[in-house]
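Structure first, then comments.
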Amino acid sequence: MSTSQPSGQPSAAQRIAFIGGGNMASAIIGGLIEQGMAPAAIHVIEPFEAARDQLQRQLGVASSPAPGPDLRGCRTVVWAVKPQTFKEAAQPVADLAREALHISVAAGIRTDSITRWLGTQRVTRAMPNTPALIGKGMTALYATAEVTDADRQQVESVLRPTGELLWLEREEQLDAVTALSGSGPAYVFFYLEAMVKAGVQMGLSEAQARQLAVGTFGGSAALAHGSQDPLELMRQRVTSKGGTTHAAISSMEADGMQDAFVRALWAAQRRAAELGDEFGRG
């Protein structure tokens, strides 16, 4: 009697499971489908009915409120849960997916906690950011020693559609990544808010100020991305002594903005480390 899969149905070894179906999971799933993965190869565990309905409606993927036998034998499991719920979510999954490659996008939760909860050493941590929603994300990755080169290629195939990838050699560097790029989009939006506010105060409409601010940030980031020049030099090129830009930079330097911003990133880095201590016990 044949045990082959029905035509068009992926085998368990071809399937990928997501624990959690929020924005980041949706971004990754959307990228995978855009790259040609069949929605039938993707299954999501998501406790909230509204989120499950949205996944089915927008992406056409199946979802369940709780883990079940369909997880057994899945090739890859992506953990897109909040740090404070990871341990609880791992308990019913561990026995079902012990042979899988596990990818965690949960901030702060370290591999020693994840491997202990799941009973496997094949774990990779990923720290993406929200531009992944449009395929423009920046994701840093760290893998345990037991993750093979083939596993790393699988991780890259899952996350590449979300944007750029950067492998790290030391896990503790992920706390700095969380502070820099993981939280980074909020810093950009924060400065965009200030630019728009100033533009409106100076007589522009909000729509005009937003277009100017967003276009300037986007263009400047693209210019830096395509250049190997030091950022300080790039800034100096548009800061003529005695000019308008010089007046603005001098004002910010007098207010200690750069030092304050660096302190803010250190605060985010410390909080990332605290999350691992706080929610990684047990």
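The values are calculated or read from the model by the stated rules, or taken from the named source; none is laboratory data. The structure presented is a predicted model; accordingly, all values stated were derived computationally and were not measured. All Cβ positions, glycine included, derive from the backbone under ideal geometry; neighbour counts span all protein chains shown.
Annotations for the structure displayed:
- Among the numbered conditions (1) surrounded by fewer than 14 Cβ atoms within 10 Å (Cβ to Cβ); (2) within 13 Å of the chain's Cα centre (by Cα); (3) modelled with pLDDT of 95 or more, the only one that Ile103 does not meet is (1).
- Cβ-Cβ distances below 9 Å connect the following pairs, each with a first residue in region 191-210 that is without any contact (Cβ under 8 Å) to a residue 40 or more places away in the chain, a second residue that is hydroxyl-bearing (Ser, Thr, Tyr) and part of a loop (DSSP other than H, G, I, E, B), and a separation of six or more residues or different chains: Gly199/Ser205.
- Scanning region 245-275 for residues that are among the polar types (S, T, N, Q) and closer than 27 Å to Pro128 by Cβ yields a count of 2.
- Applying the criterion of being assigned to a loop (DSSP other than H, G, I, E, B) and in contact with a helix residue (DSSP H, G or I) (Cβ under 7 Å, 6 or more places away or on another chain) to the residues of region 135-185, the residue that is surrounded by the most Cβ atoms within 10 Å (Cβ to Cβ) is Ser183.
- In the condition set (1) surrounded by fewer than 13 Cβ atoms within 10 Å (Cβ to Cβ); (2) under 24 Å from Ala107 (Cβ atoms); (3) touching a Ser or Thr at 6+ places or on another chain (Cβ under 9 Å), Ala27 is compliant with all but (1).
This table checks each residue for (1) under 19 Å from the mean Cα position of the chain (by Cα); (2) part of a helix (DSSP H, G or I).
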{"position": "Val188", "(1), (2)": "yes, yes"}
{"position": "Leu192", "(1), (2)": "no, yes"}
{"position": "Gly203", "(1), (2)": "no, no"}
{"position": "Ala207", "(1), (2)": "no, yes"}
{"position": "Ala213", "(1), (2)": "no, yes"}
{"position": "Ala224", "(1), (2)": "no, yes"}
{"position": "Asp229", "(1), (2)": "no, no"}
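Residues checked against (1) closer than 30 Å to Ile114 by Cα; (2) loosely packed, with under 11 Cβ neighbours inside 10 Å:
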{"position": "Ser220", "(1), (2)": "no, no"}
{"position": "Gly226", "(1), (2)": "no, yes"}
{"position": "Leu233", "(1), (2)": "no, yes"}
{"position": "Ser250", "(1), (2)": "no, no"}
{"position": "Phe261", "(1), (2)": "no, no"}
{"position": "Ala272", "(1), (2)": "yes, no"}
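- For region 29-97, the strands (runs of 3 or more DSSP E) that sit wholly inside it and include 1 or more residues that are of a type in the set (Gly, Ala, Ser) are 62-64.
- All positions within region 169-190 that are in contact with a Leu (Cβ under 9 Å, 6 or more places away or on another chain), within 15 Å of Gly276 (Cα to Cα) and of a type in the set (S, T, N, Q): Thr178
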